[in-house]
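One structure is given here, and the rest of the page talks about it.
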Amino acid sequence: MRFLANFNKNFYFLFGLVCLSNCGKSFQSKEIIENISFEKSKLENLSQFVEEIDYLILKNPNKAFVQVDKMFVVDENLIVVDLFGMQSLLQFDLQGNFLNTIGKLGEGPEEYLNTIDVAYSHDEKLIEILSTKGIIQYGLDGKYNSRVDLESRPHRFLKVDPSRYIFYIPEVMASELREGYGKDILYSFEVKSKRLSPLLEPIFPEVLNFMGDKNNLFHFGNEVVFSSSFCDTIYLISPNAEKKKLFLNFGSSQIDLSKLYNLSAYQLVDQINGENLRQKSLHVPHLFYNERYLTSSFLKDRSFHFFVYDLRNKTTYLSSRMKNDLDSGPGLGVIKMMDKEYIYSVFEPEELIQHARNLDPNSKKRNDSFLNLVENLSNDDFLVVAKYKLK
């Protein structure tokens, strides 16, 4: 499974890129704590929270691309982002046809030098690329729009509204990158005044190295969702500064973080790759949220497990303990996006073709959406997006 192999490869490669540290203190504002339990999770049907699955074959754009690190659903189109490989953004329509690239990699005044992070401004219909130069803004036609200059750049960001961003700044980033910031790790940034307002203090009481999280900051409605690798808590921050904590209760597989503090990045990698932590659950944020459902993922036994948590029914659905009773497909894939109606996952064509070959012929059904997909699929296609319609 080349896609998942690349996912894992980047996971460990990014391990030593940035460090997070120190001095966790309690919030000053009101807190609500909710428990998400995994130990009692049982085999569940996908139909418990999904109505149907649709598949979209993305046609080959003849553009160099490594993997999907981020995805945006914009005006009936789909934008896929490769942050770390070819550092490119490709836009497709919902028939799978390639439309255009967004922006251009280069050193020109209207180009981005690298893709540290990418966000989408729904109000302004702009794709924004966090680069060494600042935040470069492009229209959906792929053309340059404008730029927001920054004195010091964050590690991750998102656009809350036309006048404000949320910045994530790991505490022990290089001093020149943290210049202008205080000790906090989350900030609100006002575009016109350049004013920074702290939102969240450091999480861990001692130094703890971490991975370069791709999807640890998400915005839906009036709430911002945040966490970081190793952290067993997901934070929901609302406009009135009320912070809801969702505690990830892994039970007997919970990691004792005290044994990991103050290790170098290389020592930490050795610990995670070793047998002592193989059966432990390590939270690797893959955060998406829509008020009813919350998603993320964790690493255990050297495999990634994605989960969907129903905030209304207080039920946890785990990808590794989920039966696809809707079609003959592989079930819930690597989650790349969620909006109010759908969860979006990405598969490589050969992955799905091989899954179809391994099916029991007697289990195949007529008018099966997955089997209909495979009949029209070839290894030359670019990617397949699975759309899970939420109940």
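Among the strands (runs of 3 or more DSSP E) lying completely within region 236-336, list those that include at least 1 residues that are among the small types (G, A, S). Step through it out loud before you land on a result.
Values: elements: 243-249, 293-300, 303-310, 315-318.
Strands (runs of 3 or more DSSP E) meeting the threshold: 293-300, 303-310.
Could you tell me which numbered condition I102 fails, if it satisfies all but one of (1) surrounded by fewer than 22 Cβ atoms within 10 Å (Cβ to Cβ); (2) in contact with a strand residue (DSSP E or B) (Cβ under 7 Å, 6 or more places away or on another chain)?
For I102, the failing item is (1).
Among S229, S193, S197, S264, which is the only one that is among the small types (G, A, S), within 28 Å of T115 (Cβ to Cβ) and surrounded by 16 or more Cβ atoms within 10 Å (Cβ to Cβ)?
Values: S193 fails: surrounded by 16 or more Cβ atoms within 10 Å (Cβ to Cβ); S197 fails: surrounded by 16 or more Cβ atoms within 10 Å (Cβ to Cβ); S264 fails: surrounded by 16 or more Cβ atoms within 10 Å (Cβ to Cβ).
When all the criteria are applied, what remains is S229.
Would you point out which residue out of L58, L89, L46 is surrounded by 12 or more Cβ atoms within 10 Å (Cβ to Cβ), in contact with a Gly (Cβ under 7 Å, 6 or more places away or on another chain) and under 19 Å from N114 (Cβ atoms)? Show your work before the answer.
Details: L58 fails: under 19 Å from N114 (Cβ atoms); L46 fails: under 19 Å from N114 (Cβ atoms).
The match here is L89.
What are the pairs, 6+ residues apart or on separate chains, where a residue within region 272-296 that is in contact (Cβ under 8 Å) with a residue 24 or more places away in the chain has its Cβ under 8 Å from a residue that is part of a loop (DSSP other than H, G, I, E, B) and among the acidic types (D, E)?
Going by the 8 Å Cβ cut-off, the qualifying pairs are R278/D301; Q279/D301; H283/D232; V284/D213; P285/D213; N290/D339.
Hey, among D339, D325, which residue is of a type in the set (D, E), in contact with a helix residue (DSSP H, G or I) (Cβ under 8 Å, 6 or more places away or on another chain), in contact (Cβ under 8 Å) with a residue 60 or more places away in the chain and farther than 15 Å from E39 by Cα?
Numbers: D339 fails: in contact with a helix residue (DSSP H, G or I) (Cβ under 8 Å, 6 or more places away or on another chain).
That would be D325, the only listed residue that is of a type in the set (D, E), in contact with a helix residue (DSSP H, G or I) (Cβ under 8 Å, 6 or more places away or on another chain), in contact (Cβ under 8 Å) with a residue 60 or more places away in the chain and farther than 15 Å from E39 by Cα.
Would you confirm whether any residue within region 138-156 is under 29 Å from L236 (Cβ atoms) and in contact (Cβ under 8 Å) with a residue 60 or more places away in the chain?
Among the residues of region 138-156, at least one is under 29 Å from L236 (Cβ atoms) and in contact (Cβ under 8 Å) with a residue 60 or more places away in the chain, which makes the answer yes.
How about region 337-386: which of its residues are farther than 21 Å from Y317 by Cβ and part of a strand (DSSP E or B)?
Of everything in region 337-386, those that are farther than 21 Å from Y317 by Cβ and part of a strand (DSSP E or B) turn out to be L383, V384.
Mind checking which residues of region 166-195 are of a type outside the set (D, E, K, R), part of a strand (DSSP E or B) and either in contact (Cβ under 8 Å) with a residue 40 or more places away in the chain or over 20 Å from Y235 (Cα atoms) (or both)? Lay out the reasoning, then the answer.
Within region 166-195, the first condition is being of a type outside the set (D, E, K, R), and the residues that meet it are 166-170, 172-175, 177, 180-182, 185-189, 191, 193.
Those left that are additionally part of a strand (DSSP E or B): 166-168, 186-189.
I166, Y168, L186, listed by residue number.
So which residues in region 113-144 are in contact with a Leu (Cβ under 6 Å, 6 or more places away or on another chain) and in a strand (DSSP E or B)?
Within region 113-144, D117, A119, S131, G134, Q137 qualify.
State whether one or more residues within region 135-154 are within 20 Å of the chain's Cα centre (by Cα) and at pLDDT 95 or above.
Within region 135-154, one or more residues are within 20 Å of the chain's Cα centre (by Cα) and at pLDDT 95 or above.
If we scan region 352-367, do we find a residue that is among the charged types (D, E, K, R), surrounded by fewer than 16 Cβ atoms within 10 Å (Cβ to Cβ), modelled with pLDDT under 95 and in contact with a strand residue (DSSP E or B) (Cβ under 6 Å, 6 or more places away or on another chain)?
Within region 352-367 (the criterion being among the charged types (D, E, K, R), surrounded by fewer than 16 Cβ atoms within 10 Å (Cβ to Cβ), modelled with pLDDT under 95 and in contact with a strand residue (DSSP E or B) (Cβ under 6 Å, 6 or more places away or on another chain)), the answer is no, since none of the residues qualifies.
Quick one: is T132 crowded, with 19+ Cβ neighbours inside 10 Å, of a type in the set (S, T, N, Q) and under 21 Å from H155 (Cβ atoms)? Talk me through it step by step, then tell me what you get.
Values: crowded, with 19+ Cβ neighbours inside 10 Å: no; of a type in the set (S, T, N, Q): yes; under 21 Å from H155 (Cβ atoms): yes.
No; evaluated as a whole, the condition is false for this residue.
Which residue pairs have Cβ atoms under 8 Å apart, sit 6 or more places apart or on different chains, and have a first residue in region 356-379 that is under 10 Å from D327 (Cβ atoms) and a second that is modelled with pLDDT under 90 and in a loop (DSSP other than H, G, I, E, B)?
What qualifies is L371/K364; L371/K365.
The values are calculated or read from the model by the stated rules, or taken from the named source; none is laboratory data. Because the structure is a prediction, the values reported are computed rather than measured. Because the Cβ atoms are built from the backbone with ideal geometry, glycine has one as well, and the counts that use them run over all protein chains shown.
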